[in-house]
Structure formats: structure tokens, C-alpha cells
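The values are calculated or read from the model by the stated rules, or taken from the named source; none is laboratory data. Note that the structure is a prediction, hence the values are computed from the model and not measured. Positions of Cβ are generated from backbone atoms using ideal geometry, with glycine treated the same way; all protein chains shown enter the neighbour counts.
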Amino acid sequence: MSEEGVWMLGRTNDAKINWGVAPFPMQKIPVSYGHYSGQSMTRMSKAKDAAWQWMKWVSLDKEGQTILFKGGLLQPTRKDLIEAFINDSQPPAKQYREVFYNELDPNTIRWPGQHQNSFYMGYRQYWIDAWNPRYDPVLRGKKPYREIAQEVQEILQRIIDTGEPATQ
């Protein structure tokens, strides 16, 4: 058993093993969690136009998402591709592919900040303001992540718990 995500479809299929998928177990309150690994670019990028073009293709474009889900790299985020994803002939079988989709059921999905009426996108700027100045030295190779991990965890948890901006 392995706890993985839809991004492992292609690699798992390449292993030529018989496999399936199970949903995360529900607790007393039926809740699932989902996220999409977004694309990003540093402001120092030398190829911003190409990076934006790629991010649009992989995140929004029907052709791009079709190629990527057929390659076993993602579950489409476009609703018009859900049936194609579920009914795809590649392993795993349909009932297992439906598990990926069902985990994102709008009746059970929960996001950070929900109980504060402040979903992620509602306090996105708070997150950016707290995260970016601390993570920038890591991206530039000036600090290892372990030096900022504890501080960042505490600050981001305060944002999630309160829905309020972090104090510097």
C-alpha cells in the first residue's frame, strides 16, 4: 500500500502491476481534502512569457490537460474532461478512477480556513506576505529549508487558525 496521488498513474502503469485505488478513510465527519499542485515562477525568471504560456497550457487548456491526464500525470481540473478521465482505458479500472474524482466531492471537501470563513483564496495575500520573504532565501540557495521550517509552520498555522494576517 502506498499513499500517493493521481500524479503517479503513469509511473504505476509503467510498472505493469495490477493495482487499484481506495479513498482516504472518513472519520466521524465525512471530510475529504484535495489540492492541486499549482505552477509557479520566480520573479527573477529569464523566460516569463514561456513560463506563463506553460502554466496556462497545463492549468487551463483542454489539450494540455488531456495530454497530461493521458500521460498519467494529473486528474483534470476542467469539468469537461472528468468523464474522459474516468472512462479512460488505461489502468486503473473505472471504479478506481472514480475514487480520484469522488475525493473532490463538493459536499465533503474541506480547505484550510474553512471554519474561519476564510478559505485559502480568501486569505491568499496573507499567506504570500508571510511565506515569500522567508522562502525567497531558500529558493536562492542562501538558506536550507530546515532553517525556516519551524517559523513558517507557526506563522502559517496562525493564519489558518485565525484567518488574520501574520504579525511580523
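Summary of computed values
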quantity: Members of region 108-156 that are surrounded by fewer than 13 Cβ atoms within 10 Å (Cβ to Cβ), within 19 Å of the chain's Cα centre (by Cα) and at pLDDT below 70; calculated: MET121, ARG124
quantity: Residues (touching a residue at least 12 places away in the same chain (Cβ under 8 Å) and in a loop (DSSP other than H, G, I, E, B)) located in region 133-168; calculated: ILE148, GLY163, GLU164, PRO165, ALA166
quantity: Region 58-94 - residue that is assigned to a helix (DSSP H, G or I) and acidic (Asp, Glu) and, of those, surrounded by the most Cβ atoms within 10 Å (Cβ to Cβ); calculated: GLU83
quantity: Any pair with Cβ under 6 angstrom, 6 or more apart, that starts in region 37-65 at a residue that is over 20 Å from LEU139 (Cα atoms) and ends at one that is among the small types (Gly, Ala, Ser); calculated: TRP57/GLY64; VAL58/GLY64
quantity: Subset of region 1-37 [modelled with pLDDT under 80, under 23 Å from THR66 (Cβ atoms) and surrounded by 13 or more Cβ atoms within 10 Å (Cβ to Cβ)]; calculated: GLY5, GLY34
quantity: Unmet criterion (only one of (1) hydroxyl-bearing (Ser, Thr, Tyr); (2) surrounded by 12 or more Cβ atoms within 10 Å (Cβ to Cβ); (3) over 30 Å from GLN95 (Cα atoms)) for SER40; calculated: (2)
